[in-house]
Amino acid sequence: MNKTLSFKLGTIALLIVLLLIPLLMISGLIDERQQLRDGVLHDIAQSASYDQQINGPLLVVPYRKFQRRWIEKDGQRVEETSTVAGHLYFLPETFDADLGVDTELRARGIYQARLFHAKGRLSGSFKLPARWGIEKDYDDYRFDKPFLVVGITDIRGIESALELSVDDRRVPFEAGTGLDWLRSGVHVPLAQLDGQQAQAFTYGFDLALQGTGQLHVLPVGRTSSVDMHANWPHPSFIGSYLPSRRDIDEQGFTAHWQTSFFATNLEDALRQCAIGGQCADFSERTFGVSFVDPVDQYLKSERAIKYALLFIALTFAGFFLFEVLKGLSVHPVQYILVGVALAFFYLLLLSLSEHIGFGPAYGLSASACVLLIGFYLSHVLRSLGRGVGFAAGLAALYAMLYGLLSAEDYALLMGSLLCFGLLGVFMVLTRRLDWARVGRAA
């Protein structure tokens, strides 16, 4: 390869490297705008309510245990008595929840946060052993009034009064949980439980809960069944257990979870929480749904700019083909102007998507860049047909990029096929080209 051709290719490579500067600046701007958006969403959630998690119900029995031991005092054996306080915990035999969720948008400036309103009924049954399951030293225990507790992460989201149905009785809930490790929630006293005999009772209550972002449910029952239906068509199922059945369409989704103690091992986790105070393992065995758009305009813009270098390289490769095949001369300044126009596409995409959404913003930004570059190249390449043809190819590339961004699971496959196809086109067009002669002709 002679010096003239080497200098041309080196100049093109240098121009591509220089165009990385505005691309990096736009990428930093995307991160900055995303952080600003996240701050606004946090402020909206702070004014309304955060992610919500429903823990319970649990039956709690406070107790005091008298312990006796013999000690040596003044040369005599003396009996010493001490008292240890604690709680006994009982999980329900069955736990059923049927929740309907509606979502709404709250706006602050140009940013929007999606809130959810979950309404439904939680019900089930308890089976309690005689003497609260204590087989030895039962007479050393003194029990206080048992109560039922339901943990709710952010109690500001409770939208209506709560009332517990126990068999045929109705008892209102009270604020707080009375537990150090489960501070946020509600409780209701159950004075009718004496613990002397084995007992069984049913429970149920209606819950209306507001939150932002995610809704989690802790499957506390020996057998737990949760049904959820919502008007959100882009659910992201999260947590330790996926739904056994789900149906998603444009109107929303329905999902069903079914778990048992064999899968959750919550009894052992609750025992570790009660004895050792290690409650994170208990409260983390949840499942739920995220009501956040999985791919928002900032993430799509960030993914789009990753292909910017490929776009610029392909465009410059097209210019180079015109030079070697048609005998035209394209000045480096013309290269750089077209590259800057391609970089401005991403700035237009970011700014417009904040106001009209990613899809319309992409269409407008791509159309503006294609028209501008097509008009400019019709003069640079000295032919309206060449300019229109180049613009058509660029429009096809933008269409393929949009397909890559929309098909997240197949992005790698589509990108690989696109690059391989373009390489094949380049090789076919230059298959008869004598590169040494091209250099001498230049």
Once you have the alpha carbon radius of gyration of region 140-280, what is it after dividing by 2.2 N^0.38 Å, with N set to its residue count? 1.20
Using label points projected 7 Å from each Cα along Cα→Cβ, tell me how many nm separate HIS234 and LEU310, to one decimal. 2.2
Run the reach check for LYS119 against aspartates and glutamates, Cα to Cα strictly under 20 Å, same-chain hits fewer than 8 apart removed. What comes back? ASP51, ASP96, ASP98, ASP102, GLU104, ASP154, GLU159, GLU163, GLU174, ASP206, ASP227, ASP247
Taking Rh as the Kirkwood radius computed over C-alpha pairs, what is the Stokes-Einstein D of the chain at 25 °C in a medium of viscosity 0.890 mPa s, expressed in µm² per second? 90
No solvent, one uniform scatterer per C-alpha: report log10 I(q)/I(0) for region 213-286 via the Debye equation at q = 0.15, 0.23 1/Å, two decimals. -0.56, -1.01
Taking a point 7 angstrom from the Cα of LEU18 along the C-beta vector, which residues in region 303-337 have backbone N less than 14 Å away? 331-337
Within a Cβ distance under 11 Å of ALA200, other residues only, what is the Lys/Arg minus Asp/Glu net charge? -1
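Taking the Cβ of THR153 as the centre, find all other residues whose Cβ is under 14 Å away and add up their charges (Lys, Arg: +1; Asp, Glu: -1). Intermediate results must be reported in sequence, preceding the final value.
Working: positive: ARG156, ARG183; negative: ASP51, ASP154, GLU284.
With Lys, Arg at +1 and Asp, Glu at -1, the neighbours total -1.
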In a solvent-free Debye calculation with one equal scatterer on each Cα, what is log10 I(q)/I(0) for region 233-365 at q = 0.15 Å⁻¹, listed in the order of the q values? -0.88
At a probe size of 1.4 Å, how large is the accessible area of LYS127, to the nearest 10 Å²? 130
Given a 1.4 Å probe and the protein chains all in place, what does the accessible area of PHE344 round to, in Å² to the nearest 10? 110
Grab the other residues whose beta carbon is less than 14 angstrom from that of ARG37, score K and R as +1, D and E as -1, and report the net. -3
Amide H partners (placed H, <5 Å) of VAL166, local residues excluded: VAL171
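The values are calculated or read from the model by the stated rules, or taken from the named source; none is laboratory data. Keep in mind that this is a model prediction, so the values were computed, not measured. Reconstructed Cβ throughout: ideal geometry from the backbone, glycine too, with neighbour counts over all protein chains shown. Only protein heavy atoms, including side chains, enter the accessible area calculation; ligands, DNA and RNA are left aside. Shrake-Rupley method; radii C 1.70, N 1.55, O 1.52, S 1.80 Å.
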